[in-house]
Amino acid sequence: MLIAQITDTHVVARDSRAYRDQVDTNGMMTKAVDRLNRLDPRPDCVVITGDLCDHGTVTEYDELKRQLARLHLPFYLVIGNHDDRKTMLASLDYPHLADAWPFVQYTVEDMPVRIIALDSTSDDHHMGEFCEARRAWLEERLAEQPDRPTIVALHHPPFDCGITLMDAEGTGWAQGLIETLSRYPNIERVLCGHVHRSIQAVVGGRLATICPSTAHQVNLDLAADPSAQAFFEMEPPAFQLHRWKNGQMVTHTALVDRYREVFPISAEMLERMRSSTVRSRMMKKDLVF
Ligand SMILES: [Fe+2]
Ligand SMILES: [Fe+2]
């Protein structure tokens, strides 16, 4: 089973650009959709972990619908802090969102790995939030199938990532969530977005991963100085693939753009690499490809 993840698409109204006209988030999402459509093997689904739109307006969700209509894979949407819960649900009539109220939380049951989508957003601020009602819902869902491999997807990562700008909110909001996660070893991944970089951490004994954005990234600044200038930068957009096989989840980060192949691995070398007996005896001098 293969799950693709994209995040922080920050779609804006059609024929416009985000961030004072600097970032063509719509064009970049189009490229990401094209890349997903070309993937071989084909993913079983795509999970999009929030900040779907930049301001959560009707016109932005119209553009998001137009973009998603080009995606030839099943997809599941997670809400982010740039989204608007009411407008999102009123604008998008996808079946997985049909009962997603008062929070955009739901499960996906028809694949070997179960997906649980969580709503970590607030009506009042951009920080993470996970109230007792949302936690109780999660507890009920996890208790239903405690032995089944499960992915939990939410927008805000429940850990400090070391980038001062993104850590300002702290993780106090996530303590109840982390406690719940810690009691379910069947949770194979906690998929997140929000930080616009590839970052991983173990939280409550579970591996939580942040997927890079399909658009702009947050600059890598691990300095502790809170007054340091934080900025977006145009590192190559990327996505992730989570592969479930033989009872193990393996995560790959890949760039949306393709790059020139520079040197083919020779058929002779490939044959030697594939041979386990040769591989076990392979010396460094043999690595001539
Ligand atoms: Fe974002
Ligand atoms: Fe965000």
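The values are calculated or read from the model by the stated rules, or taken from the named source; none is laboratory data. Not measured: the values here are computed from a predicted model. Reconstructed Cβ throughout: ideal geometry from the backbone, glycine too, with neighbour counts over all protein chains shown. Side chains included, ligands, DNA and RNA excluded: accessible areas come from the protein's heavy atoms. Shrake-Rupley method; radii C 1.70, N 1.55, O 1.52, S 1.80 Å.
Karplus-based coupling profile of region 191-207, in residue order and whole Hz: 8, 9, x, 6, 8, 6, 7, 8, 9, 10, 7, 8, 10, x, x, 10, 7, with θ = phi - 60° in 6.51 cos²θ - 1.76 cosθ + 1.60 and x standing for Gly or Pro. In terms of its alpha-carbon gyration tensor, region 2-258 comes out rounded; the largest-to-smallest axis ratio a/c stays below the 1.5 threshold.
If you restrict to DSSP beta bridges whose two residues both lie in the chain, what percentage is antiparallel, to the nearest 5?
Values: 23 of 43 bridges.
Antiparallel: roughly 55 percent of the beta bridges in the chain.
In the neighborhood of Thr164, defined by Cβ-to-Cβ distances under 14 Å, what is the net charge if each Lys or Arg adds +1 and each Asp or Glu adds -1?
On the way: positive: Arg197; negative: Asp160, Asp167, Glu169, Asp221, Asp225.
Charge balance near Thr164 sits at -4.
The overall shape of region 109-213, judged from the alpha-carbon gyration tensor, is prolate: a/c is not under 1.5, and a/b is greater than b/c. Taking a point 7 Å out from the Cα of Asp221 in the direction of its Cβ, the residues of region 185-205 whose backbone N falls within less than 19 Å of it are 194-199.
In whole percent, what relative contact order does the chain give with Cα contacts below 8 Å and a gap of six or more residues?
On the way: 584 pairs, mean separation 51.0, N = 289.
18 percent.
Karplus-derived 3J(HN,Hα) values for region 27-38, using 6.51 cos²θ - 1.76 cosθ + 1.60 with θ = phi - 60°, are x, 6, 5, 4, 5, 5, 5, 4, 5, 4, 5, 8 Hz; glycine and proline are entered as x.
Centre-to-centre, using Cα atoms only, region 8-22 and region 92-144 are separated by 27 Å.
In what sequence, highest mean first, do 30-36, 46-52, 13-19, 112-118 appear when ranked by Cβ atoms within 10 angstrom? Don't jump to the answer; show the numbers that get you there.
Details: 30-36: 19.0, 46-52: 27.1, 13-19: 14.9, 112-118: 20.9.
Result, highest mean first: 46-52, 112-118, 30-36, 13-19.
Solvent-accessible surface of the chain, averaged per residue with a 1.4 angstrom probe and all protein chains in place: 49 square angstrom. Each label was represented as a point 7 Å from its Cα along the Cα-to-Cβ direction; for Asp40 and Met234 these points are 3.1 nm apart. Just the number, please: carbon plus sulfur as a percent of the accessible area of region 2-258, 1.4 Å probe, no ligands or DNA/RNA counted. Solvent-exposed carbon and sulfur of region 2-258 make up 51 percent of the total. Backbone amide hydrogens, once placed in the peptide plane, bring Val23 within less than 5 Å of Ala18, excluding anything fewer than 5 places away on its chain. Kindly write out, for region 84-101 in residue order, the coupling ³J(HN,Hα) from the Karplus curve 6.51 cos²θ - 1.76 cosθ + 1.60 (θ = phi - 60°), rounded to whole Hz, with x marking Gly and Pro. Result, ordered by residue: 10, 4, 5, 5, 4, 6, 6, 8, 10, 10, 6, x, 5, 9, 4, 10, 7, 8 Hz. As a rough guide to protection, the peptides 123-134, 249-260 ranked by mean Cβ packing within 10 Å, highest first, stand as 123-134, 249-260.
A simple packing score, the average count of other Cβ atoms within 10 Å per residue, orders the peptides 90-96, 148-154 as 148-154, 90-96, with the highest score first.
Remark: the Cα gyration tensor places region 58-113 in the oblate category, a/c being 1.5 or greater and a/b not exceeding b/c.
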